[in-house]
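The values are calculated or read from the model by the stated rules, or taken from the named source; none is laboratory data. It should be emphasised that the depicted structure is a prediction, and the values quoted were computed from it without experimental measurement. Cβ: placed from backbone, ideal geometry, glycine included. Neighbour counts: every protein chain shown.
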Amino acid sequence: MNLKEAAAREAALKTLLDTVKDAYDDARKDTRAALETAAEETGVRQVAVSLPDGPDIATVSLSSGEAAAKVVDEEAFTAWVRDNYATELERKFVTSVRQAFVDRLLKEMTAAGAAEYADPETGVIHDVPGVEIAPARARTHSVRFKKDGRQQVMQALREGHLIAAVLPELTAGGAE
């Protein structure tokens, strides 16, 4: 393959890749919205995926999001640490809390599900200012293919069973 042929092949594949990525992103948003609606209305959080007139090839499942403690007001948090755990401060040109201490506190608050810290030595439970339990990972969904699900999809594409339904942008000939 010469340079001109290699460049033409890349340009064609790049066009296909961009079109498929846009279509995939749209399909993912549509699936997520439908899963969210189903979860709210009926409690359904997963669906089997089948080829037209064919076997199940995958399962699409809604995952739960996660919440975690995070510092949202650095000044309030640092003041609380200064007043209660001064040995955990690092003094440079500015005062900051040692990262290992921040990490430990946030991990413990995430596990507790509250912006509170129970001092293991004194038993005192502190309401920690400047920290909130907030979404750390958005709720999403996943596609898990059955053992030969991907091969079945590729076979259906090769046989022309999916292209018009899955990628109308590619088959419409540029018509909108």
Within 30 Å of Glu132 (Cβ to Cβ) and among the hydrophobic types (A, V, I, L, M, F, W, C) - does that describe any residue in the range 6-13?
no
Only one residue in Asp26, Asp53 is outside any helix (DSSP H, G or I), closer than 30 Å to Gln152 by Cα, among the acidic types (Asp, Glu) and assigned by TED's automatic domain parsing to the domain that holds Gln151, so which one is that?
Asp53
Filter result for the condition that a residue is free of Cβ contacts under 8 Å to residues at least 40 places away in the same chain and surrounded by 10 or more Cβ atoms within 10 Å (Cβ to Cβ), over Val47, Val20:
Val47
Just give me the residues in the range 62-88 being loosely packed, with under 14 Cβ neighbours inside 10 Å and part of a strand (DSSP E or B), in sequence order.
Glu66
Mind counting the residues in the range 110-158 that are over 25 Å from the mean Cα position of the chain (by Cα) and assigned to a loop (DSSP other than H, G, I, E, B)?
10
Within the range 90-120, track down each residue that is surrounded by 15 or more Cβ atoms within 10 Å (Cβ to Cβ) and aliphatic (A, V, I, L, M).
Val97, Val102, Leu105, Leu106, Met109, Ala114, Ala115
